[in-house]
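See structure below.
The values are calculated or read from the model by the stated rules, or taken from the named source; none is laboratory data. The shown structure was predicted, so the numbers you read here are calculated from the model rather than taken from an experiment. Every residue, glycine among them, receives a Cβ derived from its backbone with ideal geometry; neighbour counts consider all protein chains shown. Side chains are part of the model used for accessible areas, which takes the heavy atoms of the whole protein and leaves out ligands, DNA and RNA. Shrake-Rupley method; radii C 1.70, N 1.55, O 1.52, S 1.80 Å.
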Amino acid sequence: MFALVDCNNFYVSCERVFNPKLWGQPVVVLSNNDGCVVARSPEAKALGIKMGVPVFQIQPLIQKHQIQVFSSNYALYGDMSQRVMMLLEQFAPEMEIYSIDEAFLDLPFRHRDLTAYGQEIRRKILQWTGIPVSVGIGCTKSLAKIANRVAKKSSTANGVFDISSCSDPDEVLAATEVEDIWGIGRRYSKWLRSVGIETAFQLRDSDPALIRQKMGVVGIRLLQELQGESCLPLDLCPMPKQETCVSRSFGRPIETLPELKEAIALYTSKAAEKLRRQQQAATILMVFARTSLFQEHPYSNSTTLTLPVVTNLTPELLGFALQGAEVVYCPGQRYKKAGVMMMGLVPEHQRQMGLFDSLDRERHQKLMQVIDRLNNQMGAGTLQYGAVGLKTAWRLQANRRSPQYTTRWQDLPLIN
């Protein structure tokens with residue numbers, strides 16, 4: 001049996017943990033640069049605020065209903081997610097972390113009241129972290145997903161729903177639209193509806209040959225999952241990443257090459273830190289930049305550089321990235337976003353050395369370890385390269401960000 005544990009309105013819930021006055025109030029969290037709504041409280045949903053709507057379009061609603069608005073605080077959300085996942089590990093021998101706010105548990109309990117067990121999970125997560133969660137239980141991961149949806153929306157489920165023990169699972173499947181089935185995207189849902197399949201119940205009993213013809217093996221597996229045959233085991237060992245990308249929108253448009261270089265240098269430093277955390281190194285580096293997509297004549301440019309030696313050393317990557325910035329820069333353009341992508345990733349201990357490479361890599365690797373350790377202990381950016389610049393007025397806006405309550409000493413909440 002599988003259980004899907006999903007944190008309710010996770011970003012909003014994290015804000016409410018340290019600001020209890022927000023309970024019962026409409027709250028929204030914005031994307032990077034305070035652009036669009038990426039999380040909503042139930043009260044905000046009830047006001048008709050859609051996911052992804054630009055914040056400037058809902059300003060009248062914000063003022064009329066005094067909606068509380070926050071910038072994204074990923075340091076807080078990441079730390080709270082880690083705390084939830086550590087607690088969940090106590091409830092099952094195996095767990096797959098599916099996203100920042102979702103995890104699948106393998107429940108090997110055949111003779112236990114799983115609904116009561118789900119309630120126990122809810123109570124402990126809420127008591128220890130303050131985050132409310134919903135628990136969906138099923139004999140396959142796809143059915144657990146559907147059960148979780150019921151657990152969230154049903155007023156009688158009290159946050160936990162076991163589809164395998166309910167009186168009429170067919171009724172639940174019949175009430176689930178094809179768009180709401182895990183793994184069914186917009187293209188497949190449109191095709192399914194065109195052939196008369198509109199619900200999970202109809203998909204479960206559909207012709208396998210028809211599904212295979214359009215959706216291939218993935219569709220057949222989904223069909224079998226809906227029929228109660230588990231085809232998707234827990235993913236306990238995620239595959240190594242093939243690419244790592246760091247990109248951001250700017251707080252204001254960038255028009256000069258020095259500022260574009262500063263931005264590229266910052267993103268390259270972050271990408272190099274990611275590579276070292278993943279114990280990987282890159283063989284190819286891509287630099288890209290673009291103007292706003294909404295201007296009359298959008299402009300974008302990119303360049304790809306093959307690195308002479310596989311590396312994850314920040315100064316070495318900076319040298320190539322700044323060359324790339326000069327290539328992609330075009331005078332007169334107002335850049336809105338830029339980034340770097342590390343490709344052709346290999347394990348750092350398996351990299352091939354260059355015949356003419358004269359760099360003392362062992363010494364530089366030790367320097368990177370020291371810089372990473374200091375930045376981890378004392379905060380990101382404590383030590384950084386001069387190419388990043390000091391006056392970075394172009395950085396993204398986060399004017400409504402809450403304190404980093406759990407990861408910065410100076411932001412610890414005070415109790416009066």
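Okay, here's what the table says:
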| read-out | value |
| --- | --- |
| Accessible surface of the chain, 1.4 Å probe, proportion on carbon and sulfur as whole % | 52 percent |
| Alpha carbon centroid spacing (whole Å) that separates segment 12-34 from segment 209-252 | 31 Å |
| Of 165, 358, 41, the one that fluctuates the most in a GNM where the chain has Cα springs shorter than 10 Å | 358 |
| Three semi-axes of the equivalent ellipsoid, segment 169-227, Cα gyration tensor, whole Å, largest first | 16, 13, 10 |
| DSSP bridge pairs, the chain: antiparallel proportion in percent, nearest 5 | 90 percent |
| Cross-link partners of residue 190 among lysines (Cα-Cα below 19 Å; sequence separation of 8 or more within a chain) | 214 |
| All Cα pairs of segment 85-142, percent lying beyond 13 Å | 62 percent |
| Gain in span if fully extended, residue 191 to residue 292, counting 0.36 nm per residue against the direct Cα distance | 33.0 nm |
| Descending semi-axes in whole angstrom, ellipsoid equivalent of segment 56-192, from the Cα gyration tensor | 28, 23, 15 |
| Per-residue ³J(HN,Hα) for segment 295-309, Karplus 6.51 cos²θ - 1.76 cosθ + 1.60, θ = phi - 60°, Hz, x for Gly and Pro | 7, 4, 10, x, 10, 8, 7, 8, 9, 10, 10, 8, 6, x, 9 |
| For residue 402, distant residues with modelled amide H under 5 Å away | 71 |
| Whole-percent pair-distance distribution, where bins are 10 Å wide, for the alpha carbons of segment 290-398 | 10, 33, 34, 18, 4, 0 |
| Set of lysines with alpha-carbon distance to residue 124 below 19 Å, sequence-local pairs under 8 removed | 152 |
| Zero-based 5 Å bins, Cα pair distances in segment 234-319, whole percents | 3, 11, 22, 21, 16, 12, 9, 4, 2, 0 |
| Kirkwood Rh and Cα Rg combined as Rg over Rh, evaluated for the chain | 1.00 |
| Length-normalised contact order of the chain in % [C-alpha pairs under 8 Å, at least 6 apart] | 16 percent |
| J(HN,Hα) series, segment 311-325, from Karplus relation 6.51 cos²θ - 1.76 cosθ + 1.60, nearest Hz, glycine and proline x | 8, 9, 7, 4, x, 5, 5, 4, x, 6, 5, 5, 4, x, 4 |
| Computed magnitude of the charge dipole of segment 249-300 (debye, nearest 20; Cβ of K, R +1, Cβ of D, E -1) | 340 debye |
| Paramagnetic reach from residue 365 (point 7 Å along Cα→Cβ, amide N under 19 Å) across segment 273-293 | 273-284 |
| GNM top mover of 32, 73, 19 - the chain, alpha-carbon springs below 10 Å | 19 |
| Mean Cα-pair separation over length for segment 1-44, i.e. relative contact order, pairs under 8 Å, 6 or more apart, % | 35 percent |
| Simple label model, 7 Å out from Cα along Cβ direction - residue 59 to residue 247, nm | 2.8 nm |
| Charge dipole (the chain, unit charges on Cβ, about Cα centre) - positive-most of 60, 242, 409 | 60 |
| Where the chain is the region considered: accessible area per residue in Å², 1.4 Å probe | 54 Å² |
| Cross-link reach list, aspartates and glutamates versus residue 261, counting only Cα pairs under 19 Å and skipping chain neighbours closer than eight places | 273, 316, 326 |
